[in-house]
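Have a look at the structure below before the remarks.
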Amino acid sequence: MTDIVILGAGYAGLAAATNLAGRTRKREDVRITLVNAAPRFTERLRLHSTAAGHATADFDLAGLAATAGFTFIPGWITAVDAGARTVRVDDERTLHFDTLVWALGSTADTSDVPGAAEHAYTLDSFADAQALAARLNDLHTGTVLVCGTGLTGVETAAEIAERHPHLTVHLRGRDEPGATLTPKARSYLQGVLTRLDVRVETGADIVKVLPDDADVIVWTAGTRVSPLAAAAGLAVDERGRIVTDPVLRSTSHPHVYAVGDAAAVRQRYGIMHGTCQGGMPTGVHAAQAIARELDGREPRPFRFGYYHAPISLGRRDAVVQFTHPDDSPRRGYLTGRAAVWYKETVSASPWPTYARMLKQPGLASWWPRGGRFTR
Ligand SMILES: Cc1cc2nc3c(=O)[nH]c(=O)nc-3n(C[C@H](O)[C@H](O)[C@H](O)COP(=O)(O)OP(=O)(O)OC[C@H]3O[C@@H](n4cnc5c(N)ncnc54)[C@H](O)[C@@H]3O)c2cc1C
């Protein structure tokens, strides 16, 4: 019996679990176990919308596991020993593995700036987003400060401003909003922020967060990964992400695959940055590689090229920037209703994809490989 344990049921971990379950459903010598903090799948792409008070769907992981034929354990992973091949859950249970898939994702990085962890809300979990939603609902007048002018900060500020027009929303950070887009797409994005009356303050390095900076403070500036990987004895980069070989195995422990935001996956254009867009293909690839190893075949190298950056600007507007495989912007972009439809289609697609992968795991192996950018 080969024990395969998957840590984390986010976009990448669930892609690995369902794809591997689909690929191994006729085998009786493989046992798959998935461990995740929450009993439900969190659509992290929608947490800014949850925080603004919009309803979200409920995705039951135990039900999916029962259909797929793997074991699901809800619990908090407290320690991993990559050498001894053990995982501790809730400090009281030890799981053994032959192969591990590490998909613990990332969280907002509140560690560097004093006061951020104490005074700011984050969008790391459904519970975090719900806590922010409750606070915003109670506030009949006042200010909201969104720290970080990256895409998560832009989406969050726009969503809150649209849903709570009686609040004054400030968006503060170093770069101008939409800095990575083409000038035309950026100008559209900034125009929508102006229409929503979001007060943008750029050129600012936030060095401290004080409780009276605003009535509500939201932190979206930068991400970090769990220190568990380094503590497990795995080789990690300067940001704590697991360093992978071309197949997505840990360079120090090849029986550990690392996927999604928690992995430092190198392509010819550089280290991939954390997205669902790239995270799901890494999960599918790990499943494919493990299935090949189970069959005594060599796994193939992973190749991926970005293709879009869909950005919601409230519920009624959006921008979709099409990109080159290295994530630099192409000329083409969508705005308005077409972009809203596109963004919604992308955000809604993961859960049905997991169900489909159980039946047709091979179909999910299609994603842009990046052509000459990754060859
Ligand atoms: C508001 C917001 C909007 C975003 N919008 C986009 C977008 O439009 N497009 C895009 O591509 N990306 C977007 N992202 C980024 C995207 O959500 C992440 O890149 C993606 O979720 C990474 O997937 P993952 O599977 O690696 O990690 P996650 O989805 O974060 O999943 C990790 C899982 O591991 C669990 N976990 C972590 N630690 C433990 C532990 N110790 N014990 C047990 N369980 C644990 C977590 O609970 C979680 O379920 C957005 C992020 C945010 C916050």
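Residues in the range 223-235: is at least one without any contact (Cβ under 8 Å) to a residue 24 or more places away in the chain and within 15 Å of the ligand (Cβ to nearest atom)?
At the first step, the residues of the range 223-235 found to be without any contact (Cβ under 8 Å) to a residue 24 or more places away in the chain are 227, 230, 235.
Right, trim to within 15 Å of the ligand (Cβ to nearest atom) and you get 227, 230.
Yes; the residues of the range 223-235 include at least one that is without any contact (Cβ under 8 Å) to a residue 24 or more places away in the chain and within 15 Å of the ligand (Cβ to nearest atom).
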Scanning the range 324-361 residue by residue, the ones that are without any contact (Cβ under 8 Å) to a residue 24 or more places away in the chain and closer than 22 Å to V284 by Cβ total 5
Filtering the range 17-39 down to residues that are near the ligand (Cβ under 9 Å from one of its atoms) and buried (at least 20 other Cβ atoms within 10 Å of the Cβ) yields V35, N36
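Every residue in the range 59-68 that is assigned to a helix (DSSP H, G or I), within 15 Å of the ligand (Cβ to nearest atom) and surrounded by fewer than 17 Cβ atoms within 10 Å (Cβ to Cβ), please. Reasoning before the result, please.
So the first thing to find is which residues in the range 59-68 are assigned to a helix (DSSP H, G or I), and the list is 61-68.
Remaining after also requiring within 15 Å of the ligand (Cβ to nearest atom): 61-62, 64-65.
The answer is A62, and nothing else.
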Within the range 111-125, the residues that are within 13 Å of the ligand (Cβ to nearest atom) and touching a helix residue (DSSP H, G or I) at 6+ places or on another chain (Cβ under 7 Å) are Y121, T122, L123
**Q.** Residue check, T143 touching a residue at least 40 places away in the same chain (Cβ under 8 Å), closer than 30 Å to I6 by Cα, in contact with a Leu (Cβ under 9 Å, 6 or more places away or on another chain) and not basic (K, R)
**A.** no
- Query: Mind checking whether some residue in the range 276-296 is hydroxyl-bearing (S, T, Y) and in contact with a helix residue (DSSP H, G or I) (Cβ under 6 Å, 6 or more places away or on another chain)?
  - Reply: yes
Only one of (1) assigned to a helix (DSSP H, G or I); (2) modelled with pLDDT of 95 or more; (3) away from the ligand (no atom under 16 Å from the Cβ) does not apply to G362, and that is (2)
Expected output for the range 40-58 (first residue over 13 Å from T156 (Cβ atoms) and within 9 Å of the ligand (Cβ to nearest atom), partner at pLDDT 95 or above and basic (K, R), Cβ below 7 Å, 6+ apart or cross-chain) is none
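Here are some residues: V87, V113, V101. Which one is part of a loop (DSSP other than H, G, I, E, B) and aliphatic (A, V, I, L, M)?
The match here is V113.
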In the set T99, T71, the lone residue that is at pLDDT 95 or above, crowded, with 22+ Cβ neighbours inside 10 Å and closer than 30 Å to D245 by Cβ is T99
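Does V207 qualify as being touching a residue at least 40 places away in the same chain (Cβ under 8 Å), surrounded by fewer than 19 Cβ atoms within 10 Å (Cβ to Cβ) and not small (G, A, S)? Working first, answer last.
Numbers: touching a residue at least 40 places away in the same chain (Cβ under 8 Å): yes; surrounded by fewer than 19 Cβ atoms within 10 Å (Cβ to Cβ): yes; not small (G, A, S): yes.
Here the answer is yes, as V207 does meet what is asked.
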Review point. Can you find even one residue in the range 330-345 that is away from the ligand (no atom under 16 Å from the Cβ), over 19 Å from the mean Cα position of the chain (by Cα), closer than 27 Å to P254 by Cβ and not small (G, A, S)?
Key: no
| message | Here is a check on your reading of the model: is A21 under 16 Å from E293 (Cα atoms) and either in contact (Cβ under 8 Å) with a residue 12 or more places away in the chain or not β-branched (V, I, T) (or both)? | response | yes
If you go through R331, R337, the only one that is assigned to a strand (DSSP E or B) and among the basic types (K, R) is R331
Those residues of the range 46-58 which are at pLDDT below 95 and in contact with a helix residue (DSSP H, G or I) (Cβ under 8 Å, 6 or more places away or on another chain) amount to G53, H54, T56, A57
Filter the range 271-301 for residues that are of a type in the set (A, V, I, L, M, F, W, C) and away from the ligand (no atom under 13 Å from the Cβ); the one that is farthest from the chain's Cα centre (by Cα) is L294
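The values are calculated or read from the model by the stated rules, or taken from the named source; none is laboratory data. Here the structure is a predicted model, which means the values were calculated and not measured. All Cβ positions, even for glycine, are placed from backbone atoms using ideal geometry, and neighbour counts span all protein chains on display.
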